[in-house]
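Novice: If you scroll down you'll find the structure; I have some questions about it.
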Amino acid sequence: MKEVRILTINDGKEEVLANGDYFYAETYPRTEAMVQEYLNDGWNLIHVMKDFNPAIQKEGNYTFYRGGITFMFEREV
């Protein structure tokens with residue numbers, strides 16, 4: 001039997017690795033540490049997806065902001 005865990009993390013403390021010449025890269029050390037804990041506990045990472053949440057300013061005026069990263073883990077029980 002498999003067990004599934006869905007985890008959403010919204011980490012605002014990114015570390016910029018590179019920014020220039022039309023290239024941008026960042027890392028999230030706290031998020032990486034938490035994901036590593038799940039992997040060390042025997043979970044397998046199945047899927048990763050960035051979340052975008054709507055913000056309705058008024059009717060017909062919608063914006064979206066990044067709401068975090070969702071991870072799907074599973075493991076054999």
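Novice: Counting only C-alpha contacts under 8 Å and six or more residues apart, can you give the relative contact order of the chain as a whole percent?
Specialist: After rounding, I find 41 percent.
Novice: Relative to the first principal axis of the alpha-carbon coordinates of the chain, what is the inclination of helix 29-40, with its axis defined by its Cα atoms, in degrees from 0 to 90 and to the nearest 10?
Specialist: 20 degrees
Novice: Let me check I've understood the local charge: for Leu7, count other residues with C-beta under 15 angstrom from its C-beta, Lys and Arg +1, Asp and Glu -1. What total comes out?
Specialist: Charge balance near Leu7 sits at -3.
Novice: Counting Lys and Arg as +1 and Asp and Glu as -1, what is the net charge of the other residues whose Cβ lies under 12 Å from the Cβ of Val35?
Specialist: Local charge sum for Val35: -2.
Novice: On a full-extension model of 0.36 nm per residue, what is the gain between Met1 and Arg66, subtracting their alpha-carbon distance, rounded to one decimal in nm?
Specialist: Result: 20.0 nm gained on full extension.
Novice: If a/c stays under 1.5 just call it rounded; otherwise compare a/b with b/c (prolate if a/b is bigger, oblate if not). Do that for the chain, with a ≥ b ≥ c from the square roots of the Cα gyration tensor eigenvalues.
Specialist: It is oblate, given that a/c is not under 1.5 and a/b is not larger than b/c.
Novice: By the scheme Lys and Arg +1, Asp and Glu -1, what is the net charge of all other residues having a beta-carbon under 14 Å from that of Tyr24?
Specialist: Every neighbour counted, the sum reads -3.
Novice: Next question, about the same structure. Tell me which residues come under 5 Å, amide H to amide H, from Asp11 once H is placed; ignore anything under 5 positions away on its chain.
Specialist: Ile69
Novice: Subtracting the Cα-Cα distance from 0.36 nm times the residue separation, let me have the gained length for Glu15 to Lys50 in nm, one decimal.
Specialist: 10.9 nm
Novice: Can you give me the % of accessible surface on the chain that is carbon or sulfur? Probe 1.4 Å, all protein chains present, nothing else counted.
Specialist: Answer for the chain: carbon and sulfur cover 53 percent of the accessible area.
The values are calculated or read from the model by the stated rules, or taken from the named source; none is laboratory data. Since this is a predicted model, take the numbers as computed values, not measurements. For neighbour counting, all protein chains shown are included, and Cβ atoms are generated from backbone atoms with ideal geometry for every residue, glycine included. These accessible areas exclude ligands, DNA and RNA; they are computed on the full protein's heavy atoms, side chains included. Shrake-Rupley method; radii C 1.70, N 1.55, O 1.52, S 1.80 Å.
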